[in-house]
Amino acid sequence: MNKSVSPVAIVVDQGVDGVGKGVAEWLRERKRPTQYILAERLALCRLEVTPTRAICDGQVVGSVFFHCHTHANYGADFEEPDQGFASDEVRATWLSILQIPSVLTINQVDAELWYTSAEWAVWRKRLQQAGVPLANVAVGDSKVFSTWSWLPWGGGILGVPGCHVRRAFAPALTEGNAFQQSLWCEGQVFSGPSGKHVAVAGKVMASYGLHLGSILTNQREEVVSCTTACTVPDSLTLEIATRIAEVINAHLCRW
Amino acid sequence: MRICVVGDPEDLSAAYLIWLAKRRGAEVIVLSENDLGLNWRFQVPRHPEKSTITMHDRVFSVHDIHGAFVRLNPKPVVHDRLGVPPEAEHIYVMERRYGLHWLLNEVPFPVINRPCAGRSNSSKPYQMMLLERHEFAVPRWRVTNDPKVMADFLAECQNGAIYKASSGLRSRVRRVDETLFTLMAEGTSPAVVQQYIPGFDVRIHVIGRTTFATQIRSHGIDYRFESEGVEYSRIEVPPLIQSLCIKTAASEGLILAGFDFRKTVQDEWWCLEMNPVPTFLPYEASTGHPIGDTILDYFGDMPSPGQCVSPLVDLVEQPS
């Protein structure tokens, strides 16, 4: 790490909750150089990226809190026909920034997670490998009970669809219809169930470079899905933002 | 022997594999993505070992299928017969695609390639970092949209620099020129700028532990977009490079991969990228490398093609 340069903390935010702003404010109050960037403006930041360093608008990047959906529109400042291309280029570039060893990233994700809209399916495979008890899932034209639920690949939970939809949509269906969400940050559960399985799922997420996420469980506390694209409720915004900002600050202090 | 070809049967590589497999006596089940829910469907129940694929009225256990070759169309079609409202088509296409991904990631037989494999190709800088970690020599690069950074980098590159898209979008590789400087000065998204390596291109196809190398000579910067004067020929590859390609593809979960290199006259091998959905037809047709037959061999015990040269060589008219 280059001790002669004061690194900047970057907060990329979609503005769906107050955590991004909270992190930026906390760091600025402590005189940490901080750039708060709305996701839709990300394409116009002046970047220089190498395998070992990133510079954003003239400042060496020391940490990134990437608090937005990876499929967000990053190119709103471009003409409409170019927005898709600009977004793809920005998405590809920031994925590489998140891998630079000297940059602390929240969350650090790999290409498989970064490029999927069905994050829960990726986590399921990883949790299974780690022995975490998982909710039963059936996919496609499977016969299931009406007490099951449909997990659309793009997110959310719906009732079991009819036979024709099952054939054509190849939906993922999971046992049960009452689920609970746990908000997990830095090894701690801040809301929702916090039993053994949730704790182990959190550890698995942490082992893949995650600091913040949510874990959905069924009544048997089996894990249904995990996601990094979580929205923090107002009641927890300050607490979560402070926790994340402290981690970033500690990293920048060691720079 | 029974195999599936999944996705877009009109894709040239897929169509060729279908022809080749039938020629060797294999049964081919064509699972067109566009026809899911119309002439075929699948079940991956809570016990995935009981998964089945139903084509018309025939039900196949996944244990009775020896392999799948996948080519997904970037713009799949939604048939009117499905009755999906136009405003919901994009959601339907995404849901169907991910359902298909699940099937292909879960089935016990070899899939070339599983959708979860090789995702690094969607980000060129991410993949170049990965290739460096696998000990390939990668030409120096920057990702930037800053004209000053680009000018400084260009000044460091004795033989100039090229630029290309950062994402997996198929884009033409070009020499850094005034157009790019102008674009960057006006404000544009970041692009990969990379040291130009004089020499010629080499494509190495990996299928499991087998490799086929093709040297490509052309007059332009990006031979894929040249219509004339492109020459393909077989080339020997140093064992170390061969071994790195095999190991890297395997570690990324890829059975089939296409590695692109620049080779210098000093016999330096510079790795540019690893493609998880490589076309192989022009290389096979020009050199006779039996790439398609080797893919089929990977699926298991299939009658021998009876020759070690691609049948495409006889089918394609060779330039005099």
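Bear in mind these aren't lab numbers, they're just calculated from the coordinates by the rules spelled out. Please read these numbers as outputs of a predicted model, since none were measured by experiment. With ideal geometry, Cβ positions are generated from the backbone for all residues, glycine too; neighbour counts draw on all protein chains shown.
Taking only DSSP H segments of four or more residues, each worth -39500 (n - 2.57), what value at 222 nm results for chain A once the sum is divided by all its residues, to the nearest 500 deg cm²/dmol? Don't skip to the answer; put the middle values down first.
On the way: 7 runs with 83 residues, N = 255.
Result for chain A: -10000 deg cm²/dmol, rounded to the nearest 500.
Between the range A:170-212 and the range B:248-300, what's the alpha-carbon centroid distance in Å?
If we compute the Cα centre of each part, the gap is 40 Å.
Between A:G176 and residues 5 or more places away or on another chain, which pairs have amide H atoms under 5 Å apart, with H built 1.01 Å from N, and which residues are they?
Correct list: A:W148, A:S149.
Using the Cα gyration tensor of the protein assembly as shown, with a ≥ b ≥ c the square roots of its eigenvalues, what is the shape: rounded (a/c below 1.5), prolate (a/b larger than b/c) or oblate (neither)? Numbers along the way, then the final one.
Numbers: a/c = 1.95, a/b = 1.08, b/c = 1.80.
Cα axes put the protein assembly as shown in the oblate bin.
Give the Kirkwood hydrodynamic radius (Å, one decimal) of the range A:70-178, defined as one over the mean of 1/r across all pairs of different Cα atoms.
Working: mean 1/r = 0.0604 Å⁻¹.
Answer for the range A:70-178: a Kirkwood hydrodynamic radius of 16.5 Å.
Please report, in cubic angstrom per residue, the volume enclosed by the convex hull of the alpha-carbon atoms of the range B:200-317. Don't skip to the answer; put the middle values down first.
Working: hull volume 12.9 nm³, N = 118.
Considering the Cα atoms of the range B:200-317, their hull volume per residue is 109 Å³.
If you count the DSSP beta bridges with both ends in the protein assembly as shown, what percent of them are antiparallel, to the nearest 5?
Working: 73 of 103 bridges.
Bridges in the protein assembly as shown are about 70 percent antiparallel.
How far, in degrees from 0 to 90, does helix A:196-207 lean away from the longest principal axis of the Cα atoms of chain A, to the nearest 10?
Rounded to the nearest ten degrees, it is 40.
Across chain B, how many lysine pairs separated by 8 or more positions, or lying on different chains, have Cα atoms within less than 27 Å?
Lysine pairs meeting the criterion: 10.
About the Cα centre of the range A:8-83, what is the dipole size in debye to 20, counting +1 per Lys and Arg Cβ and -1 per Asp and Glu Cβ, all else neutral? Can you show the working numbers first?
Values: 8 positive and 11 negative charges, 121 e Å.
Result for the range A:8-83 is approximately 580 debye, rounded to the nearest 20.
Would you be so kind as to identify which of B:L183, B:P45, A:G156 lies farthest towards the positive end of the dipole of the protein assembly as shown, taking Lys and Arg as +1 and Asp and Glu as -1 on Cβ and the Cα centre as origin?
B:P45
Placing unit charges on C-beta atoms (Lys and Arg positive, Asp and Glu negative, everything else neutral), compute the dipole magnitude of the range B:2-112 about its Cα centre in debye, rounded to 20. Kindly include the intermediate steps, with their values, before the conclusion.
Details: 13 positive and 14 negative charges, 77 e Å.
Here the range B:2-112 has a charge dipole of around 360 debye.
Based on DSSP loop calls and a cut-off of at most 15 other Cβ atoms within 10 Å, the longest stretch of chain B free of exposed GluC sites (Glu not before Pro) is what? Could you put the intermediate results ahead of the total?
Numbers: sites that count: B:E10, B:E135, B:E226, B:E228, B:E236, B:E268, B:E317.
Longest gap between qualifying sites, sites excluded: B:11-134.
If you build a Gaussian network model of chain A, linking Cα atoms that sit under 10 Å apart, which residue out of A:A168, A:A201, A:A111 swings the most?
In this elastic network of chain A, the residue with the biggest mean-square fluctuation among A:A168, A:A201, A:A111 is A:A168.
At 20 °C and a viscosity of 1.002 mPa s, what translational diffusion coefficient does Stokes-Einstein give for chain A, taking Rh as the Kirkwood radius over Cα pairs? Give it in µm²/s as a whole number.
The diffusion coefficient I find is 111 µm²/s.
Quick one: Kirkwood hydrodynamic radius for chain B, alpha-carbon pairs, angstrom, one decimal? Each step should come with its number before you reach the end.
Numbers: mean 1/r = 0.0465 Å⁻¹.
Across chain B, the inverse of the average 1/r is 21.5 Å.
Kindly provide the helix-only [θ] at 222 nm of chain B, computed as the sum of -39,500 (n - 2.57) over DSSP H runs of four or more divided by all residues, to the nearest 500 deg cm²/dmol?
Values: 9 runs with 91 residues, N = 320.
Value at 222 nm, helices only: -8500 deg cm²/dmol.
Could you give the size of the charge dipole of the range B:140-195 about its Cα centre, using +1 on the Cβ of each K and R and -1 on the Cβ of each D and E, expressed in debye and rounded to the nearest 20?
Numbers: 8 positive and 6 negative charges, 69 e Å.
The dipole magnitude comes to about 320 debye.
Taking a cut-off of 28 Å between Cα atoms, list the lysines near A:K203, but don't count ones fewer than 8 places away on the same chain.
Correct list for A:K203: A:K21, A:K125.
Which residues make up the longest stretch of chain A that has no trypsin sites (Lys or Arg not before Pro) in a DSSP loop with at most 13 other Cβ atoms within 10 Å? Let's see the in-between values first.
On the way: sites that count: A:K3, A:R30, A:K31, A:K143, A:R220, A:R254.
Longest stretch, sites excluded: A:32-142.
Only Cα pairs within less than 10 Å get springs; with that Gaussian network setup on chain B, which residue of B:R96, B:R46, B:R224 has the largest fluctuation?
B:R46
Positive end of the charge dipole of chain A (Lys, Arg +1 and Asp, Glu -1 on Cβ, about the Cα centre): tell me which of A:W94, A:A39, A:N107 has its Cα farthest that way.
Comparing the listed Cα positions along the dipole, A:N107 ranks first.
Identify which of A:L47, A:L113, A:L158 has the largest mean-square fluctuation in a Gaussian network model of chain A, with springs joining Cα atoms closer than 10 Å.
A:L158
Note the angle between two axes, namely the Cα long axis of helix A:119-129 and the longest principal axis of the Cα atoms of chain A, as a number of degrees from 0 to 90, rounded to the nearest 10.
Roughly 80 degrees between the two axes.
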